[in-house]
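Student: Got a structure for you, written out below as structure tokens; questions coming shortly.
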Amino acid sequence: MNSVPGSDSRGKQLHSMKRIFFSLALLLPLAASAETLYMAGDSTMSIKADADFPETGWGMPFALFFDERINVENYAMNGRSTRTFIEEGHWGRIEKALQAGDFVIIQFGHNDESEHKKDRYTTPEQYKANLARFIGEVRAKGAFPLLMSPITRRYFDENGSIKHTHPYAPLSREVAKEEKVDFIDMDAITRDYFQQQGDENSTLRFLHIKPATHPNYPNGVRDDTHLNQLGAREVAQLVLREMKKMQHPLVEKVREATPKHLTFSYD
């Protein structure tokens, strides 16, 4: 039988394409099997633009703790409360993307409790309702919520103790108890951590820059709410420490140290 000119080469090309598509089809389920960790919060957690450095949200170094078995999507936004996070559609994007087996870290409070900032203020009742909504909608998708109280602000009193500046932190504790959800009290944990460092050393963890030393802040800055790179890494490490204590399933996704790094020691 006479063959059509070029049909043999086209057949080989088609066969090769089928093999490629088949190989990709085998790989797709593996890629899709990786769960996603979503992070919902405010500026203390969020990814920062280069122009804002050294300000660093603790979610940035935290994402680097994990290997390819988990994807980390940091949706935290500067200046957002639970109310504005919903109104602007950020929460809706997380809820829509959620798949069974995913995780969501939820941490708000700094902006919800700012009664003098009407563009973001959320009443105590609405704050609790919004947190409960987040938790319920995550669970409805077969995913796992992890609630946190906001990290402390760094304001020392005359006795050397950090002041309690989060009136909504107790509300997050109430929601955690009422919803029976995994909870890390980052307000208490970070307040104790920075208080032990004292006023001078804790300053090194926050956005304190003298004038004419950093191009992003030519006039200097003294910010006792937002972390720098060191502070963000240490807060991320505190979160991981607490997750290990509670045997949270995300700990199983933490990357393994390289053989070289296993030879290092602090001693």
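Student: Would you mind stating whether Gln195 is open to solvent by 40 Å² or more (accessible area, probe 1.4 Å) and either among the aromatic types (Phe, Trp, Tyr) or touching a residue at least 40 places away in the same chain (Cβ under 8 Å) (or both)?
Tutor: no
Student: Could I ask something else about it? Of the conditions (1) of a type outside the set (Lys, Arg); (2) touching a Lys or Arg at 6+ places or on another chain (Cβ under 9 Å); (3) crowded, with 16+ Cβ neighbours inside 10 Å; (4) part of a loop (DSSP other than H, G, I, E, B), Glu68 satisfies every one except a single condition; which number is it?
Tutor: (3)
Student: Suppose we filter the range 137-167 for residues that are touching a residue at least 60 places away in the same chain (Cβ under 8 Å) and either of a type in the set (Ser, Thr, Tyr) or exposed (fewer than 15 other Cβ atoms within 10 Å of the Cβ) (or both); how many remain?
Tutor: Matching residues across the range 137-167 total 1.
Student: Here is a follow-up. If a residue has to be in a loop (DSSP other than H, G, I, E, B) and open to solvent by less than 70 Å² (accessible area, probe 1.4 Å) to count, how many in the range 79-98 make the cut?
Tutor: Within the range 79-98, residues that are in a loop (DSSP other than H, G, I, E, B) and open to solvent by less than 70 Å² (accessible area, probe 1.4 Å) number 5.
Student: Can you tell me how many residues in the range 206-240 are loosely packed, with under 12 Cβ neighbours inside 10 Å and not β-branched (Val, Ile, Thr)? Break it down stepwise before answering.
Tutor: At the first step, the residues of the range 206-240 found to be loosely packed, with under 12 Cβ neighbours inside 10 Å are 210-213, 215, 218-219, 222.
Next, only the ones that are not β-branched (Val, Ile, Thr) stay: 210-212, 215, 218-219, 222.
Result for the range 206-240: 7.
Student: Shifting gears a bit: Filter the range 99-132 down to the residues that are part of a helix (DSSP H, G or I) and among the charged types (D, E, K, R), then identify the one that is surrounded by the most Cβ atoms within 10 Å (Cβ to Cβ).
Tutor: Looking at the filtered set, the residue picked out is Lys128.
Student: Residues of the range 170-192 being buried (at least 21 other Cβ atoms within 10 Å of the Cβ) and either hydroxyl-bearing (Ser, Thr, Tyr) or touching a helix residue (DSSP H, G or I) at 6+ places or on another chain (Cβ under 6 Å) (or both), which ones?
Tutor: Passing the criteria: Ser172, Val175, Ile184, Asp187, Thr190.
Student: Additional query: Hey, among Lys180, Lys117, which residue is within 27 Å of Met246 (Cα to Cα) and free of Cβ contacts under 8 Å to residues at least 40 places away in the same chain?
Tutor: Result: Lys180 is the single residue among Lys180, Lys117 that is within 27 Å of Met246 (Cα to Cα) and free of Cβ contacts under 8 Å to residues at least 40 places away in the same chain.
Student: Scan the range 180-196 and tell me whether some residue there is touching a Lys or Arg at 6+ places or on another chain (Cβ under 6 Å) and of a type in the set (Ser, Thr, Tyr).
Tutor: Looking through the range 180-196, none of the residues is touching a Lys or Arg at 6+ places or on another chain (Cβ under 6 Å) and of a type in the set (Ser, Thr, Tyr).
Student: Take Arg205 and tell me if it is over 17 Å from Ile105 (Cα atoms), touching an Asp or Glu at 6+ places or on another chain (Cβ under 6 Å) and in contact (Cβ under 8 Å) with a residue 12 or more places away in the chain.
Tutor: Working: over 17 Å from Ile105 (Cα atoms): yes; touching an Asp or Glu at 6+ places or on another chain (Cβ under 6 Å): no; in contact (Cβ under 8 Å) with a residue 12 or more places away in the chain: yes.
It is false that Arg205 is over 17 Å from Ile105 (Cα atoms), touching an Asp or Glu at 6+ places or on another chain (Cβ under 6 Å) and in contact (Cβ under 8 Å) with a residue 12 or more places away in the chain.
Student: Quick one: is Leu30 exposed (fewer than 10 other Cβ atoms within 10 Å of the Cβ) and at pLDDT below 95?
Tutor: yes
Student: Of the numbered conditions (1) at pLDDT below 95; (2) farther than 24 Å from Asp185 by Cβ, Glu115 fails exactly one; give the number of that condition.
Tutor: It fails just one condition, (2).
Student: If you don't mind, another one. From the list Arg255, Arg233, Arg241, pick out the single residue that is in contact with a helix residue (DSSP H, G or I) (Cβ under 6 Å, 6 or more places away or on another chain) and among the charged types (D, E, K, R).
Tutor: Just one listed residue meets the conditions, Arg233.
The values are calculated or read from the model by the stated rules, or taken from the named source; none is laboratory data. Note that this is a predicted model, so its numbers are computed, not measured. Neighbour counts run over all protein chains shown; Cβ positions are idealised from the backbone, glycine included. The area values use the complete protein model at the heavy-atom level, side chains included, leaving out ligands, DNA and RNA. Shrake-Rupley method; radii C 1.70, N 1.55, O 1.52, S 1.80 Å.
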